[in-house]
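Contents: one structure, followed by commentary.
We did not get these values from a lab; they are worked out from the coordinates using the rules stated. Remember, it's a predicted structure, so these values are computed and weren't measured experimentally. Methodologically, a virtual Cβ is constructed for each residue, glycine included, from the backbone with ideal geometry; neighbour enumeration extends over all protein chains shown.
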Amino acid sequence: MTNSDRSGLDTSTPDPITPVLTRRWLSPRAWDIDVYEQLEGYAALRYALTGHPDQLIELVKASGLRGRGGAGFPTGMKWGFIPQGPTGAGAKPKYLVVNADEGEPGTCKDIPTMMADPHSLIEGCIITCYAIRANFCAIYIRGEALHPLRRVRYAVEQAYAKGYLGRDILGSGFDLDIVVHAGAGAYICGEETALLDSLEGRRGQPRLKPPFPATSGLYASPTVVNNVETIASVPAIVQGGSSWFRTMGQEKSPGPKIYSLSGHVTRPGQYEAPMGTTLRALLELAGGMKDGIPLKFWTPGGSSTPLFTAEHLDVPLDFEGAATAGSMLGTTALQIFNETVSVPWAVMKWTEFYKHESCGKCTPCREGTYWLLQILERMLHKQGTPADIETLLDVCDNVLGRAFCALGDGATSPITSGIKYFRQEFLDLCTAQPSGGVDTAAHDQLPELTGASA
Amino acid sequence: MTAPEGQPESVGNGNDQFPDEVEWEPAVPEQSPLTPVFDEATRQRTVEIIARYPQSRSALLPLLHLVQSVEGYVSQDGIRYCAEVLELTTAEVSAVATFYTMYKRTPCGEHLVSVCTNTLCAALGGDEIYRTLSRRLGVGHEETAGEPGTPGSITLEHAECLAACDLAPVLQVNYEYFDNQTVESAQALVEALQRGERPLPTRGAALTDLKTVEMELAGIFPDLAGAVAGNSAAPETLRGAQLAAERHWVAPAMPDMPPALPDLPEKR
């Protein structure tokens, strides 16, 4: 970080909590444009409009910002994929679509962001659209998130009234319209291509990729789809610069991140920390496990990220750290469960969710989630057999990597990780059944018959 | 016979154009697509909604919310209305309406009570809350206690994760949040709704009814300035920020002036 030293930035270890996205949340009515402007709001936009759009793309690339919706794709690179120029795909209109369809179980960061500080999202949208040369932006908000919808819609109206949106924004010659769009209850619409289909007035089912949204997105035009937290990070990066952004977090996962702690902790809530913090550090901030009952399992980033256990308390929660330890960072939705919770039960509940939300487009996910749930329910009703565990793993093996989109992959995560760390609990459900229920000889052959490799 | 659903009604002129040899009697007489249920105000809102989008079909989700705001559910009339104004077939509209859980296909109560029963809420009491309300109201998932549409009638549903996990267990009434619920608080809430009361949500605007919020979901806000002021700052939401303020923790200071933007990349 030699740059940081030259520019006089503090490169010592940051504080345990680093409010950037959450820095206005304590200010009353920060969702109102007057308050937002008093708190330096729209200063980043004014500065950004003095630069060339490509400079902003370079800035975000240099910052190392990675998508906050779960996948962690480098944001600047995504913007750079948008074809520019007077011919071919570059000549088409470009679009920014903000994915505010927050619904991954455990995830609850975008909804408070949109309620507390919607203008940071709007300002980020304007800067992003200027960078990618888009004149139309849609913010797709989950339908059940009614109050965030109001706050964002109100922010858009206020921004129009102040000349931050509409024609010739702040005299720059740049035009932008933003529409705030409500979804209608479908988890799958958080998948970016399903979201685009939904925004086009269709069933929310994912599209085959390629072509990717960067060349063929909304209305088959070049489109950037970014998460709320990603876009809301942009104004701070413009104001602070890429070196400042990199004073927080890790080399490959820089910046601050909102970690959402829920479940059996003393003080659940939103904690914005530098990327790479640990559950141990976060638990300390949150007052430890509720009533002192020990931790049993947790998700690092929503139910689609493989479970962790107490042995993962010190795993650095950034994209690399979570992946190295066998899971994914996802949405940094830390759902924390204590020893009183049965793993097979939790896995069954999550599987119910995936079965309900599977869009039905592809067979592995539609049929797989259905049968996974059947088996898990049977086991929970004490009518399972040890062979069911192998069948579960086999079905997961046939869904993972074979489904049309990540929903199918995500559905297997709680099951395979649950069995990996807590196989005995699944076995105990089987031995608890009335005697005579297990025909071990027959079931020993089952893995072979079904092709299970586990 | 699915012909009526599949016909592009925008093409029709009101006279059925079937070949003579096909004898076809609709089981239910088709009403005019522009059914009088949807009044002039609704039509004006429709125009306003469609005008927001580069392509008209993008208005379909908001329009389905709009017809739901008029009738309390998405009826066949509602399907026909959307098809007509967007020049789609009723089959295309039905395909969309049946995909999304927020579009209800039977008349709903004055209020919609959605209890999160996803894993985390369930572990903290959500399942028990749902079971208790179900017993108390005598209805199951997506069923209505009381005559739909009448004051105090309640449609109950169990919902998937409502993205308020730090405030679990949660439920929503007409999509306004009631956080940190217990069996007792949820039961008291539902009883108050049945008596015609409208308790304040933990986060959200003052309660109205399902039809009114469906209008907002369509993007039509009769009182946005009023509704937007509803509370949002739960203690849980602010915990990290609060703790940082108490302990004087801050993000590293930004430079006084925004640093120069990077140079333009070399043109390839």
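If you project the alpha carbons of the protein assembly as shown onto their three principal axes, what span does each projection cover, largest first, in Å?
Largest to smallest, the principal-axis extents are 81, 70, 55 Å.
Beyond 14 Å, what share of the Cα-Cα pairs of the stretch B:178-230 remains, rounded to the nearest whole percent?
Numbers: 818 of 1378 pairs.
Considering the stretch B:178-230, 59 percent of its Cα-Cα pairs are separated by more than 14 Å.
I'd like the trypsin sites (Lys or Arg not before Pro) in the stretch B:188-236 restricted to DSSP loop residues with at most 12 other Cβ atoms within 10 Å, sorted by number. Working shown, then result.
Values: sites: B:Arg195, B:Arg203, B:Lys211; in loops: B:Arg195.
Those that pass, being in a loop and sparsely packed, are B:Arg195.
For A:Lys361, give me every one of the aspartates and glutamates with a C-alpha distance below 19 angstrom, ignoring sequence neighbours fewer than eight places off in its own chain.
A:Glu191, A:Glu192, A:Asp197, A:Glu200, A:Glu352, A:Asp397, A:Asp409, B:Glu92
Students often get this wrong, so check it: of A:Lys290/A:Lys420; A:Lys94/A:Lys349; A:Lys257/A:Lys290; A:Lys94/B:Lys104; A:Lys61/A:Lys420, which have C-alpha atoms separated by over 29 Å?
Details: A:Lys290/A:Lys420 26 Å; A:Lys94/A:Lys349 40 Å; A:Lys257/A:Lys290 24 Å; A:Lys94/B:Lys104 34 Å; A:Lys61/A:Lys420 38 Å.
Violating the 29 Å Cα-Cα cut-off are A:Lys94/A:Lys349; A:Lys94/B:Lys104; A:Lys61/A:Lys420.
Simple spin-label model, 7 Å along Cα-to-Cβ: A:Phe174 to A:Arg280 in nm?
Going by the 7 Å Cα→Cβ label model, 4.4 nm.
Most exposed first by the Cβ proxy, i.e. fewest other Cβ within 10 Å, how do A:Ser262, B:Ser185 rank?
On the way: A:Ser262 29, B:Ser185 15.
The most exposed by this proxy come first: B:Ser185, A:Ser262.
How far is helix A:118-132 tilted, in degrees, relative to the longest principal axis of the Cα atoms in chain A, given as a value from 0 to 90 rounded to the nearest 10?
70 degrees
Taking H placed 1.01 Å from N in the peptide plane, check which residues at least 5 places from B:Glu143 or on another chain put their amide H under 5 Å from its amide H.
Residues meeting the amide H criterion: B:Leu156.
Hey, what angle do you get for helix A:146-161 against the long axis of chain A, alpha-carbon based, 0 to 90 degrees rounded to 10?
10 degrees
So for A:Thr13, B:Thr98, fewest C-beta neighbours within 10 Å to most, what's the order?
Numbers: A:Thr13 10, B:Thr98 13.
So the residues, fewest neighbours to most, are A:Thr13, B:Thr98.
Rank A:Ala186, A:Asn135, A:Thr215 by how far each Cα sits towards the positive end of the charge dipole of the stretch A:103-226 (+1 on Lys, Arg Cβ; -1 on Asp, Glu Cβ) and give me just the farthest.
Farthest towards the positive end: A:Ala186.
Net charge near A:Leu376: determine it from the other residues with C-beta under 11 Å of the C-beta of A:Leu376, scoring Lys and Arg +1 and Asp and Glu -1. Show your work: numbers first, answer last.
Working: positive: A:Lys349, A:Lys355, A:Arg378; negative: A:Glu352, A:Glu377, A:Asp388.
Around A:Leu376, the charge tally is 0.
Helix B:183-194 versus the longest principal axis of chain B: what angle, 0 to 90°, nearest 10, using Cα atoms?
40 degrees
Given labels modelled 7 Å from the Cα in the Cβ direction, how far is it in nm from A:Arg46 to A:Arg29?
2.2 nm
May I ask you to compute the full-extension gain from A:Asn135 to A:Trp371, defined as 0.36 nm times their residue separation minus their alpha-carbon distance, rounded to one decimal in nm? Mind showing how you got there, number by number?
Working: separation 236, 0.36 × 236 = 84.96 nm, distance 4.56 nm.
Length difference between fully extended and current span is 80.4 nm.
What whole-number distance in Å separates the alpha-carbon centres of the stretch A:14-84 and the stretch A:344-362?
Centre-to-centre distance over Cα atoms comes out at 35 Å.
Under 5 Å between amide hydrogens, which residues at least 5 positions from A:Lys296 or on another chain qualify, with H placed 1.01 Å from N in the peptide plane?
A:Phe337, A:Asn338, A:Glu339
Run the quick spin-label model on B:Met257 and A:Phe73: label points 7 Å from Cα toward the beta carbon, then report their separation in nm to one decimal.
Rounded to a tenth, the inter-label distance reads 3.7 nm.
If one computes the Cα centroid of the stretch B:139-164 and of the stretch A:193-229, what distance in Å separates the two points?
Each part reduced to its Cα centre gives a spacing of 32 Å.
Based on DSSP H runs of at least 4 residues, each adding -39500 (n - 2.57), what is the mean residue ellipticity at 222 nm of the protein assembly as shown after dividing by all its residues, to the nearest 500 deg cm²/dmol? Don't skip to the end; give the middle numbers.
On the way: 30 runs with 297 residues, N = 722.
When only DSSP H runs of four or more count, the value is -12000 deg cm²/dmol.
For every other residue with a beta carbon closer than 11 angstrom to the beta carbon of B:Asn118, add +1 if it is Lys or Arg and -1 if Asp or Glu, then tell me the sum.
Around B:Asn118, the charge tally is -4.
With unit charges on the beta carbons (Lys and Arg positive, Asp and Glu negative) and the dipole taken about the Cα centre of the stretch A:256-338, which residue among A:Ser262, A:Gly302, A:Leu329 sits farthest to the positive side?
A:Ser262
Kindly state, to the nearest 0.05, the FRET efficiency for B:Ala206 paired with B:Glu266, given R0 = 45 Å and r defined as their beta-carbon distance.
Once rounded, the FRET efficiency stands at 0.20.
Quick one: dipole size for chain B, taken about the Cα centre, charges +1 on Lys/Arg Cβ and -1 on Asp/Glu Cβ, in debye to the nearest 20.
On the way: 18 positive and 39 negative charges, 223 e Å.
Around 1080 debye, computed over chain B.
Order by neighbour count: A:Ile293, A:Ile141, A:Ile258, fewest other Cβ atoms within 10 Å first, most last.
Values: A:Ile293 13, A:Ile141 28, A:Ile258 24.
Arranged by neighbour count, lowest to highest, A:Ile293, A:Ile141, A:Ile258 become A:Ile293, A:Ile258, A:Ile141.
Using a ≥ b ≥ c from the Cα gyration tensor of the stretch A:12-245 (square roots of the eigenvalues), is it rounded, prolate or oblate, where a/c under 1.5 gives rounded and otherwise the larger of a/b and b/c decides, a/b for prolate?
Judged from the Cα gyration tensor, the stretch A:12-245 comes out rounded (a/c under 1.5).
Quick one: if the Förster radius is 56 Å, what FRET efficiency do A:Glu37 and A:Arg402 give, using the C-beta to C-beta distance and rounding to 0.05?
0.65
For B:Val37, put the label point 7 Å out on the Cα→Cβ axis and report which residues of the stretch B:87-115 keep their amide N under 13 Å from it.
B:104-108
With unit charges on the beta carbon (Lys/Arg positive, Asp/Glu negative), name the residue among A:Thr13, A:Gly276, B:Leu162 whose Cα is farthest towards the positive pole of the charge dipole of the protein assembly as shown.
Checking the options against the dipole of the protein assembly as shown, the answer is A:Thr13.
How big is the antiparallel share of DSSP beta bridges in chain B, given as a percent to the nearest 5? Provide the component values of the computation, followed by the final result.
Values: 11 of 17 bridges.
Looking only at bridges with both residues in chain B, the antiparallel portion is about 65 percent.
Given +1 on the Cβ of Lys and Arg, -1 on the Cβ of Asp and Glu, and no further charges, what dipole in debye does the protein assembly as shown carry about its Cα centre, rounded to the nearest 20?
1780 debye
Using the crude model of +1 on Lys and Arg Cβ and -1 on Asp and Glu Cβ, and no other charge, please compute the dipole size for the stretch B:111-209 relative to its Cα centre, in debye to 20.
Working: 6 positive and 14 negative charges, 36 e Å.
Using Cβ point charges on Lys, Arg, Asp and Glu, the stretch B:111-209 gives about 180 debye.
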